[in-house]
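Please treat every number below as a calculation from the coordinates, not as lab data. Everything numeric in this text was worked out from a predicted model, so none of it was measured. Ideal geometry is used to build each Cβ from the backbone, glycine not excepted, and the neighbour counts take in all protein chains shown.
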Amino acid sequence: MSTGHITIDLDAIIANWRALDKMTSVETAAVVKADGYGLGAATVAKALAKAGARRFFVAVAEEGAAVRGALGPGPEVSVLSGHMRGDTDTIGDLGLTPILNSLEQVTRHFDALPGHPFGIQLDTGMNRLGMEWDEWAAIAEIALAQRPSVVMSHLACSDEADHPMNAYQLDVFHKMTDGITVPRSLAATGGILLGKDYHFDMCRPGIGLYGGLPFAQARPVVQMDLPVVQIRHLDAGEVVGYANSWQASRPSRIATLSAGYADGLIRSMSDKATLFYGNEPVPLIGRVSMDLLTVDVTDLKEDPHALTLLGAQQTVDQLADVSGTIGYEILTSLGGRYTRRTRGG
Ligand SMILES: *Cc1c(COP(=O)(O)O)cnc(C)c1O
């Protein structure tokens, strides 16, 4: 074992999906964009389809093709970036459902693939994707006559339960959609936790499935173990790594591990992150290099063969916190060099 090892607990993903589903009385889709938040869209989608998920969301048509390939015909695969130039064949041939974001996309879709399924995204204040009031007013009647699979919007601040933006966007969404008879959707993971008013007809959790905040009760999904390449003994005063950023204040034992920023263990973890030998914490010291990182194992009773960075001892959000980012970014940055195993499903 020379690369880092990642174990993805598909049973935990299924349990998280079921737990989020139980919090609402409406349909629960699954967001598997960015290769299933870095954990493998095909395996995640297959496991969740077996567990009962019938609607999947990806960011772009290319991801939709991969998910369709894994799931076969049947489940709805929706593309959040909509129907972009050059997507027509993929959308048409693979039966993807573009979530149309603009008048331009609506026109393109109706011209290129008349009668083909689609959804609509409205902008309720995030100003990222979706149609605004005047655009929607201009085409709502025509679009609704074609029975979109969903009319949806996205919350900008749903991870903060008492942020006033939540109620504001809810109000705008009501004003833009009350009275329509097609399914509506507003909530991702954060919106589910905001309560019933935000659930409408379908919810679209992503991060909560993968064990991330704001779903604090989520079961951890990822275990990451990093092999020790070498252990060395340092005298007090010796330094470690690039820029000499760490200096031994006592005789020390330093383990060099096989993983670095090329594996998504970002440089801002330098001198800050904690790894674990069983349940014993050991500090990452010095700079994270491209392929290596260094850990002070002086206080361990034995020489470790591997240390754990993610698992029951430490969640992605705890690791994200010390390095100034969010769980989403840690997960989607992990990259292709790990040996990956899945468990359950
Ligand atoms: C990413 C995304 C989701 C899922 O959000 P999470 O916060 O990961 O649950 C849902 N809807 C849209 C439009 C998204 O972009």
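Can you tell which of Leu155, Met176, Leu334 lies farthest toward the positive end of the dipole of the chain, using +1 and -1 charges on the Cβ of basic and acidic side chains (Lys, Arg; Asp, Glu)?
The residue sitting farthest along the positive end of the dipole is Leu334.
Work out how much length Asp111 to Glu141 would gain on full extension: take 0.36 nm times their residue separation and subtract the Cα-Cα distance, in nm to one decimal.
Working: separation 30, 0.36 × 30 = 10.80 nm, distance 1.69 nm.
Gain on extension, Asp111 to Glu141, equals 9.1 nm.
Cα axis of helix 41-51 to longest principal axis of the chain: angle in degrees, 0 to 90, nearest 10?
Approximately 70 degrees, to the nearest ten.
When the dipole is taken about the Cα centre of the range 260-319, and only Lys, Arg (+1) and Asp, Glu (-1) are charged at their Cβ, what size is it in debye, to the nearest 20? Spell out each step's value before the answer.
Details: 4 positive and 9 negative charges, 40 e Å.
Magnitude of the dipole: close to 200 debye.
My understanding is that a pair violates if its Cα-Cα distance is over 21 Å; which of Lys46/Lys196; Lys175/Lys196; Lys33/Lys175 do that in this structure? It would help to have the intermediate numbers written out before the result.
Details: Lys46/Lys196 28 Å; Lys175/Lys196 18 Å; Lys33/Lys175 29 Å.
Result: Lys46/Lys196; Lys33/Lys175 exceed 21 Å.
State to the nearest 20 debye the size of the charge dipole of the chain about its Cα centre, where the only charges are +1 on K and R beta carbons and -1 on D and E beta carbons. Mind showing how you got there, number by number?
Numbers: 28 positive and 39 negative charges, 172 e Å.
Computed about the Cα centre, the dipole is about 820 debye.
Relative to the longest principal axis of the C-alpha atoms of the chain, give the angle of the C-alpha long axis of helix 61-71, reported between 0 and 90° and rounded to the nearest 10°.
The helix 61-71 is inclined about 80 degrees to the chain.
Rounded to the nearest 10 degrees, what's the angle between the helix 133-145 long axis and the longest principal axis of the chain, both from Cα atoms, 0 to 90?
Tilt relative to the chain: about 70 degrees.
Ranked highest first by average number of other Cβ atoms within 10 Å, how do 114-126, 230-242 line up?
On the way: 114-126: 19.9, 230-242: 13.3.
Order by mean packing, descending: 114-126, 230-242.
So, R0 is 51 Å and r is the distance between the beta-carbons of Glu160 and Asp11; what FRET efficiency does that work out to, to 0.05?
Numbers: r = 30 Å, r/R0 = 0.59.
Taking R0 as 51 Å, the efficiency between Glu160 and Asp11 is 0.95.
Run the dipole for the range 85-235 about the Cα centre, Lys and Arg Cβ at +1, Asp and Glu Cβ at -1, nothing else charged, and hand back the magnitude in debye, nearest 20.
Values: 10 positive and 19 negative charges, 81 e Å.
Computed charge dipole of the range 85-235: roughly 400 debye.
Mean residue ellipticity at 222 nm from the helices of the chain, using -39,500 (n - 2.57) per DSSP H segment of n ≥ 4 over the full residue count, to the nearest 500 deg cm²/dmol? Present the calculation step by step, with values, prior to reporting the outcome.
Details: 11 runs with 103 residues, N = 345.
Computed ellipticity for the chain at 222 nm equals -8500 deg cm²/dmol.
Which stretch or stretches of the range 292-335 have amide N atoms under 19 Å from the point lying 7 Å from Glu280's Cα along the Cα→Cβ direction?
Counting only backbone N, you get 294-314.
Assuming 0.36 nm per residue, please report the length gained on full extension of the stretch Ala243 to Arg267 beyond their Cα-Cα distance.
Using 0.36 nm per residue and subtracting the Cα-Cα distance, I get 7.4 nm.
For Thr298, enumerate residues with amide H under 5 Å from its amide H, sequence gap 5+ or separate chain, H modeled in the peptide plane.
HN-HN under 5 Å from Thr298: Arg253.
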